[in-house]
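Every number here is computed from the coordinates shown, using simple stated rules; none is lab data. Just so you know, these numbers come straight off a predicted model, no measurement behind them.
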Amino acid sequence: MASTSSGLMKKIRLAAWAAIAVLAVISGVHLLGEAHKAQQAGRSLPGAAQIGAPFELTRTDGARFSSTSLAGKPYAIFFGFTNCPDICPTTLLEMTNHLKALGARADDLNVLFVSIDPERDTPEHLKLYLSAFDPRIIGLTGTLPEVAAVAKSYRVFYEKVPSKDRSDYTMNHTASVYLMDKTGNLVSTLSFQEPEDARQKKLENLLSR
């Protein structure tokens, strides 16, 4: 009975992650479509379609990090948490592999991992967690209001989900990686469901803009 219950819960969890990923992809496609139409018309994106805004968060070394330091270089930004069982470590491993494949060009790309669970993800804990991945990935956390403001500006969905006995919790969240050009405009998104070569090509195109 326990084995059957465990298998059922695993299927439910995977289905939930898949639903979140699909919603994230649909949202990304819609935003990119709006961006393309705006570009063709020679106008700016409508306010509702803007992605990203100036922010300040805390790095894993405890220093403050300002988004102004991103100016002039493209960047990839992903929102997740260190207790994530599958999507977050998978995405961080994929980004590690992509950076390696880019070779010297990887130095021209900033990669940010923003925790949406700052209550548990202290700078010290985030530093230890990210030590398993490419050291160029910048880990960021902050206060609950700071993280909420950044997530809102990138139109990232996240929510705390208590465990059955409410002794612990997990987080549901948008699973896409946002690819931003050197001027801070959304160019594309990466999904863990895409083929590796497709994701790599998107990063190469981002660096060529």
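Structure summary
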quantity	calculated
Extension gain, S208 back to A132 (0.36 nm per residue minus Cα-Cα distance, nm)	24.5 nm
The stretch 131-190 versus the stretch 81-124: alpha-carbon centroid distance in Å	10 Å
Out-of-range pairs (alpha-carbon distance over 21 Å; input K127/K201; K160/K202; K182/K202; K152/K202; K127/K152; K73/K201)	K127/K201; K160/K202; K152/K202; K127/K152
